[in-house]
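Novice: What follows is a structure written as structure tokens; I'll ask about it next.
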Amino acid sequence: AFADHNTIDAVKEGMELARKRKIRFISSIEINTYHKNHDLHMLAYGFDPDDRRLLEWLKEIDGSKWEQARGRLQRLKQLGFTIEWEELIRQSGEIAPSGMNFVQTLLARPENDNDPRLDPYRPGGARSDSPYLNFYLDYLRSGKPAYYPQEGVGSPEVIGKIIDMDAIPVLAHPSDTPEDYIPDLLDAGLKGLEVYSSYHDAQLTEKWLN
């Protein structure tokens with residue numbers, strides 16, 4: 001399985017490659033959801049990629065991602081960064097911009113060359129081991145300076161839709177989630193937790209496995 005964020009565009013290719021190589025393939029996706037103003041990532045496993053309900057829902061999610069991108073851009077401008085919508089869209093290849101596209105656009109703009117806030121994400125910087133992820137964690141996620149919510153994707157509602165499509169909802173990297181939210185998600189029908197994740201060290205892995 002591989003779970004792209006908010007899209008299943010690669011799933012059918014994966015299914016065909018797996019068929020040719022005689023390995024099992026499980027359709028999957030990772031959806032950005034929100035619960036009590038926190039960004040929670042919800043995995044869905046085992047859906048039908050031709051399900052019309054799923055395809056229509058993904059169109060709605062894509063529209064909300066575009067609205068979120070415009071909001072994020074305005075927040076970054078308010079923080080004093082130089083960034084323009086047209087440059088951001090060129091970086092994203094005409095799809096809804098991700099956190100990676102934001103930091104790529106910021107670093108490419110000469111006006112930002114002397115901004116010390118971006119130094120950690122440049123080669124050799126303190127956060128350069130994974131600059132795109134770290135910029136998202138530092139600026140774009142809930143509670144951070146350029147956070148802008150994505151509308152219409154409440155975590156309990158997303159879990160319900162996943163179940164309606166006979167798929168399995170799993171909370172990604174649960175160490176990002178306040179633990180008192182877990183009962184809410186279980187009540188909504190959550191079926192699993194992502195235990196093994198690059199977000200988790202050995203101690204967290206053991207905790208969530210237990």
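Novice: Looking at GLY125, is it part of a helix (DSSP H, G or I), at pLDDT 95 or above, of a type in the set (Gly, Ala, Ser) and open to solvent by less than 80 Å² (accessible area, probe 1.4 Å)?
Specialist: No: the conditions fail for GLY125.
Novice: Right, something else. Could you grab me the full set of residues in region 129-146 that are in contact (Cβ under 8 Å) with a residue 60 or more places away in the chain and either buried (at least 18 other Cβ atoms within 10 Å of the Cβ) or of a type outside the set (Gly, Ala, Ser) (or both)?
Specialist: Across region 129-146, the qualifying residues are TYR139, LEU140, ARG141, PRO145, ALA146.
Novice: Failed condition for ALA69, given (1) over 30 Å from SER175 (Cβ atoms); (2) free of Cβ contacts under 8 Å to residues at least 40 places away in the same chain; (3) of a type outside the set (S, T, N, Q); (4) open to solvent by less than 70 Å² (accessible area, probe 1.4 Å), with all others met?
Specialist: (1)
Novice: In region 21-28, is there at least one residue being surrounded by fewer than 16 Cβ atoms within 10 Å (Cβ to Cβ) and within 18 Å of GLY160 (Cβ to Cβ)?
Specialist: There is no residue in region 21-28 that is surrounded by fewer than 16 Cβ atoms within 10 Å (Cβ to Cβ) and within 18 Å of GLY160 (Cβ to Cβ).
Novice: Select from region 162-184 the residues that are closer than 13 Å to GLU30 by Cβ and assigned to a helix (DSSP H, G or I) and list them in ascending order.
Specialist: Scanning region 162-184 gives ILE162, ASP176.
Novice: To continue, here is another question. Just checking, how many residues over region 185-210 are buried (at least 16 other Cβ atoms within 10 Å of the Cβ) and assigned to a helix (DSSP H, G or I)?
Specialist: The qualifying residues number 3.
Novice: Just name the residue that is farthest from ARG72 (Cα to Cα) out of those in region 91-138 that are over 20 Å from the mean Cα position of the chain (by Cα) and among the small types (Gly, Ala, Ser).
Specialist: Among residues in region 91-138 that are over 20 Å from the mean Cα position of the chain (by Cα) and among the small types (Gly, Ala, Ser), the one farthest from ARG72 (Cα to Cα) is GLY124.
Novice: If you don't mind, there's one more thing I want to ask. Could you run through region 3-20 and say how many residues are within 19 Å of VAL158 (Cβ to Cβ) and open to solvent by less than 70 Å² (accessible area, probe 1.4 Å)?
Specialist: Selection size over region 3-20: 6.
Novice: Same structure again: Which of the residues that make up region 33-56 are surrounded by fewer than 18 Cβ atoms within 10 Å (Cβ to Cβ) and not hydroxyl-bearing (Ser, Thr, Tyr)?
Specialist: LYS36, ASN37, HIS38, GLY46, ASP48, PRO49, ASP50, ASP51, ARG52, ARG53, LEU55, GLU56
Novice: Continuing with the same structure: Can you name the helices (runs of 4 or more DSSP H) wholly within region 7-96 that have at least 3 residues being touching a helix residue (DSSP H, G or I) at 6+ places or on another chain (Cβ under 9 Å) and modelled with pLDDT of 95 or more?
Specialist: Helices (runs of 4 or more DSSP H) meeting the threshold: 52-78, 85-92.
The values are calculated or read from the model by the stated rules, or taken from the named source; none is laboratory data. A quick note: this is a predicted structure, and the numbers were derived from the prediction, not measured. Note: ideal-geometry Cβ built from the backbone for every residue, glycine included; neighbour counts use all protein chains shown. Only protein heavy atoms, including side chains, enter the accessible area calculation; ligands, DNA and RNA are left aside. Shrake-Rupley method; radii C 1.70, N 1.55, O 1.52, S 1.80 Å.
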